[in-house]
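Taking it in order: structure first as structure tokens, then the write-up.
Quick note: the coordinates plus some simple rules give every number you see, no bench work behind them. These numbers come from a predicted model, not from an experiment. So basically every Cβ, Gly included, is an ideal-geometry build from the backbone, and we count neighbours across all protein chains shown.
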Amino acid sequence: MTENNEQWLEELLKLAESDGGKKTEKQARILEAAIDIFAEKGFAVASTSEIAQKAGVAEGTIFRYYKTKKELLLAIAGPIALKLAAPFVMREFAVKVLDNPHPPEQVDQFFRSIAKDRFQFARKNIKMLRIWIHEIPYQAELLEQVQTLFQEIVYTRIDKIIRHYQELGQIIEAPPWRVLRTAVSLFVGMVVTHLLILPIDEADEDEEIDRTIDLLMHGLSPRGR
């Protein structure tokens, strides 16, 4: 089990046990191999034969646990998106920011906390990030699960905080969903660009986050500064 995948596999195994099942060592190797290959090649190009070869099992062993290649993909990405992302992806962040009864005085500090937390998470879980980016537009079940996560977990919590800063006069009067959509678009673009397209050194993260927050708060017009 590689270091990059270890955390995800441990959580996947815990999910299986919480559902009353227990994954075998072979299943763990299959999941690890599938994460590597789906992230490298994408779901459409990846084959179960090469997943089996990388996992050190017969191809038929994969179909003993997962009826189709798509079922294998959803066994990785589905539970992560719906059951794991809310409590695991945002666990420390929620305690420090979302569930804090006294959020930062300045809204830019709040957004900086979000951006830094998501950047660090994405850097540690780059393979899963690639899988999500590759497959969410094409896998209806996965897209639905991500939408459920965003609407029921993320938006409902951040909506209250956005309204809080609007009352303080630090954010313009606009529907909170529009404010969140703008912030998410900038943050996701920042992370995807600098981790997958035009990589930057980890040492440059803070500067990139600061520039992105500045753009979020002031826009492109010099009159907003």
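Take the range 112-178, drop everything but the C-alpha atoms, weight them equally and run the Debye formula without solvent; then report log10 I(q)/I(0) at 0.16, 0.20, 0.25 Å⁻¹ to two decimals. These q points yield log10 I(q)/I(0) values of -0.75, -0.98, -1.11. Averaged over residues, the count of other Cβ atoms within 10 Å places the peptides 26-32, 58-64 in the sequence 26-32, 58-64, highest first.
In this calculation the C-beta distance from residue 148 to residue 195 is compared with R0 = 22 Å, giving a FRET efficiency of 0.30. Residue-wise HN-Hα couplings along the range 125-132, as the Karplus relation 6.51 cos²θ - 1.76 cosθ + 1.60 with θ = phi - 60° gives them from phi, are 10, 4, 5, 5, 4, 4, 4, 4 Hz; Gly and Pro carry x. Note on residue 63 and residue 138: the model spin-label points, each 7 Å out from Cα along the C-beta direction, lie 2.1 nm apart.
Here r is the Cβ-Cβ distance between residue 159 and residue 50 and R0 is 45 Å; the resulting FRET efficiency, rounded to 0.05, is 0.55. Packing order of peptides 65-71, 109-115, 122-128, highest average first: 109-115, 122-128, 65-71 (average count of other Cβ atoms within 10 Å over each peptide's residues).
The string of couplings for the range 69-75 from the Karplus curve (6.51, -1.76, 1.60, θ = phi - 60°) is 5, 5, 5, 5, 4, 5, 5 Hz, one whole number per residue in order, with x for Gly and Pro.
Annotation note: GluC sites (Glu not before Pro) in the range 126-194 located in DSSP loop regions with a Cβ neighbour count of at most 14 within 10 Å are 173.
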